[in-house]
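Taken together, the values in this text are just the output of simple stated rules run on the coordinates, not laboratory data. Bear in mind that the values here come from a model prediction, so they are computed numbers and not experimental data. All Cβ positions, glycine included, derive from the backbone under ideal geometry; neighbour counts span all protein chains shown.
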Amino acid sequence: MSIQRRPKKGQPLPDGWKKPKWVVRYRDPAGKEHSRTFTTEKAAKDFDRDQARLLARNEWVDTDHAPALGDLWPTWAALATTPGTRAVRDRVGKNLGDMAAMKITDLRPTILRQWQTHLREGRPWVPGCTGLAPNTISSWWTQLSGCLHMAVTDEMLLVNPCTKIPGPGTGTGPVEPRTLPTTQQVRDTIERLDATGRDTLTTMILLALSTGMRPAEVGGLRWQNVDRKAGTIHVIEQTTQRPAKGSGGWAPPKTKSSRRIVPVPSETMNRLREHRLRHPADADDAMFRTATGLLWTSDRIKHALDTVADGWTFHALRHVFATRMLSSGRSVKAVQRVLGHSSASTTMDTYWHFLPDEEDLVRGSASELVRDVCGMEPGGLTVRPVGGEDGNTV
């Protein structure tokens with residue numbers, strides 16, 4: 001590294017120059033030469049010292065030639081391994097806002113917080129946008145952080161700026177009981193649907209209610225994935241809002257753990273058989289289609305239900321199923337597998353407040369044990385003390 005005065009001492013200043021300038025020259029780890037010009041010797045020495053320290057610590061990055069986030073994004077999008085992930089990355093790339101034109105080395109926490117705010121309260125670049133759902137914001141933040149982590153790995157960034165501020169959160173905290181429909185509300189909705197000839201949506205509601213399947217999983221179910229003899233459904237695909245070319249509208253499940261086998265009660269299986277008699281379809285075709293022959297995506301399901309439901313959503317049926325299973329004493333692990341959660345902790349974090357009281361369960365089990373041993377009916381235990389005294393009921 002070197003600092004050179006321009007012009008050299010004793011030489012006249014070029015026309016238009018009021019003071020001499022200092023040029024710092026150095027080579028990056030790849031051997032490429034860089035230079036920067038300063039108007040004071042002190043500024044040049046400070047910069048020279050900073051670059052020497054960064055190079056010595058292997059922390060140097062090329063800020064002068066760092067790409068704009070919008071220019072780097074296509075590389076990140078191309079690394080997606082599934083059509084669904086590629087669709088999400090493409091969409092995020094169109095919603096980077098002002099960050100798209102900024103160098104990745106210029107991204108600061110304040111800028112990232114502002115982007116979070118735009119996603120939450122409304123994107124200025126999208127007319128009429130009033131904000132995105134918490135899960136969508138979390139998904140987009142994950143993609144942004146992933147892209148910048150790639151830049152760190154490729155030595156274009158020293159630190160991922162997303163790690164310097166809290167993420168937006170997933171919005172998947174504990175389920176609020178007040179957001180769930182009552183049994184009567186679901187029954188009333190089904191009656192309205194049946195009365196207006198919309199039996200397909202009724203069958204979809206019953207399927208989600210009795211299996212905990214997600215809206216897109218219900219919409220993407222094919223007859224060939226229903227095992228009537230075993231009474232199970234193989235969840236291996238779902239519909240998608242933005243299908244890949246040639247996919248026919250289907251996509252892989254949400255996560256690896258979403259691929260699962262779901263038990264189906266006989267009442268629901270009978271309803272599915274009746275549905276197939278009313279709506280014949282090939283084994284590799286969708287079980288449910290709209291009146292115009294389209295696949296039921298989660299958006300189409302939402303819009304259809306909004307017209308008849310009393311303020312509850314189709315996805316809420318998944319929560320109703322889970323809470324009923326857990327409150328009935330089914331194990332967290334069993335419910336986790338049926339729902340397709342990645343871990344039992346996810347199920348616990350979402351539904352812990354619906355679990356039956358452990359103390360009551362222990363007390364009840366102990367009572368059953370005593371009754372079994374003593375051959376008693378529920379009610380009380382007659383204790384006969386030694387000495388032939390009259391028994392006392394306790």
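Quick notes on this one:
- Coordinate range of the alpha-carbon atoms in the stretch 296-372 per principal axis, descending: 54, 28, 19 Å.
- Here the Gaussian network model covers the chain, with springs between Cα atoms less than 10 Å apart; of 37, 136, 232, 37 fluctuates the most.
- Dipole size of the stretch 159-272 about its Cα centre, with +1 on Lys/Arg Cβ and -1 on Asp/Glu Cβ: approximately 500 debye, rounded to the nearest 20.
- Contour minus Cα-Cα distance for residue 306 and residue 285 (0.36 nm per residue): 4.9 nm
- If only the Cβ of Lys and Arg carry +1 and only the Cβ of Asp and Glu carry -1, the dipole of the chain around its Cα centre is close to 2240 debye.
- Selected from 349, 64, 46 as most flexible by GNM, with the chain as the system and alpha-carbon contacts under 10 Å: 46
- Ascending count of other beta-carbon atoms within 10 Å, so fewest first, for 138, 365: 365, 138
- For 338, 308, 218, order by how many other beta-carbon atoms lie within 10 Å, fewest first: 308, 338, 218
- Potential lengthening between residue 28 and residue 179 on full extension [0.36 nm per residue; Cα-Cα distance subtracted]: 48.6 nm
- Choice from 146, 293, 364 with maximal GNM fluctuation in the chain (Cα, 10 Å cutoff): 364
- The magnitude of the dipole of the stretch 177-353, with charges of +1 and -1 set on the Cβ of Lys/Arg and Asp/Glu and taken from the Cα centre, is near 480 debye.
- The long axis of helix 134-153 is offset from the longest Cα principal axis of the chain by roughly 40 degrees.
- Packing-based ranking, highest mean first, of 152-163, 84-95 given that Cβ atoms within 10 Å are counted: 84-95, 152-163
- Between 0 and 90°, nearest 10: helix 41-56 axis offset from the chain longest Cα axis: 50 degrees
- Evaluated at q = 0.14, 0.15 Å⁻¹: base-10 log I(q)/I(0), Debye formula over Cα of the stretch 177-353: -0.74, -0.86
- Based on C-alpha pairs under 8 angstrom that are at least 6 apart in sequence, the chain has a relative contact order of 12 percent.
- With the alpha-carbon atoms of the stretch 69-164 aligned to their principal axes, the span from lowest to highest coordinate is 38, 32, 21 Å, starting with the largest.
- Taking amide H as placed 1.01 Å from N in the peptide plane, the amide H of residue 129 sits under 5 Å from that of 123, each at least 5 places away or on another chain.
- Amide H to amide H, with H built 1.01 Å from N, residue 232 comes under 5 Å of 227, 264, counting only residues 5 or more places away or on other chains.
- Virtual spin-label span in nm between residue 40 and residue 294, 7 Å along Cα→Cβ: 6.5 nm
- Kirkwood's formula applied to the C-alpha pairs of the chain gives a hydrodynamic radius of 26.7 angstrom.
- Relative to the current alpha-carbon distance between residue 365 and residue 91, full extension at 0.36 nm per residue lengthens the span by 93.3 nm.
- In degrees, nearest ten, helix 316-327 long axis to first principal axis of the chain (Cα): 60 degrees
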